[in-house]
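Report on one structure; see the data block that follows.
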Amino acid sequence: MDLLLADVSRQESPDRKKAMLSAMVVFKDPNKREPGAGFCRLAREEFARKGDNVTIWGKEMERLARDYRQG
């Protein structure tokens, strides 16, 4: 699943400037509403995102709202 989700983010943002679409996918466990380690690794290594895991994810969710609100 990690590879599929990484590919979705790469294809949706080839220049790595748009939001990572895979940020919308979180753990099924209701106590863990955050992305997995693979998401955060991809965010840091390929999308040059900075911060702790929760900060990276929160900023990506904000980017998603902004990017897709505009159409």
Checklist entry - Among the lysines, which have Cα under 20 Å from the Cα of Lys59 when same-chain residues fewer than 8 positions away are ignored? => result Lys17, Lys18, Lys32, Lys50
Checklist outcome for this item: Taking protein heavy atoms only, a 1.4 Å probe, and rounding to whole percent, the accessible area of the chain owed to carbon and sulfur comes out at 54 percent
Checklist outcome for this item: For the chain, whose charge dipole is built from +1 on Lys and Arg Cβ atoms and -1 on Asp and Glu Cβ atoms, the candidate among Ala6, Tyr68, Leu42 with its Cα farthest towards the positive end is Tyr68
Next on the checklist: As an exercise, find the ratio Rg/Rh for the chain from alpha-carbon atoms, using the Kirkwood inverse-distance average for Rh.
Outcome noted: 0.94
Next on the checklist: Quick check: with the 1.4 Å probe, what order do Met24, Met1 take by accessible area, largest first?
Outcome noted: Met1, Met24
Next on the checklist: What number comes out for accessible area per residue over the chain if the probe is 1.4 Å? Units Å², please.
Outcome noted: 70 Å²
Next on the checklist: Suppose accessible area is computed on protein heavy atoms with a 1.4 Å probe; arrange Leu64, Leu3 from highest to lowest.
Outcome noted: Leu3, Leu64
Next on the checklist: If packing is taken as the average count of other Cβ atoms within 10 Å, what order do 34-43, 4-13 fall into, highest mean first?
Outcome noted: 34-43, 4-13
Checklist entry - In nm, to one decimal, how far is the modelled label at Asp67 from the one at Val26, with both set 7 Å along Cα→Cβ? => result 1.9 nm
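The values are calculated or read from the model by the stated rules, or taken from the named source; none is laboratory data. Predicted model only: the values in this text are computed from it and were never measured. Glycine gets a Cβ as well: all are built from the backbone with ideal geometry, and neighbour counts include every protein chain shown. Areas reflect the complete protein model, heavy atoms only, side chains present, ligands, DNA and RNA absent. Shrake-Rupley method; radii C 1.70, N 1.55, O 1.52, S 1.80 Å.
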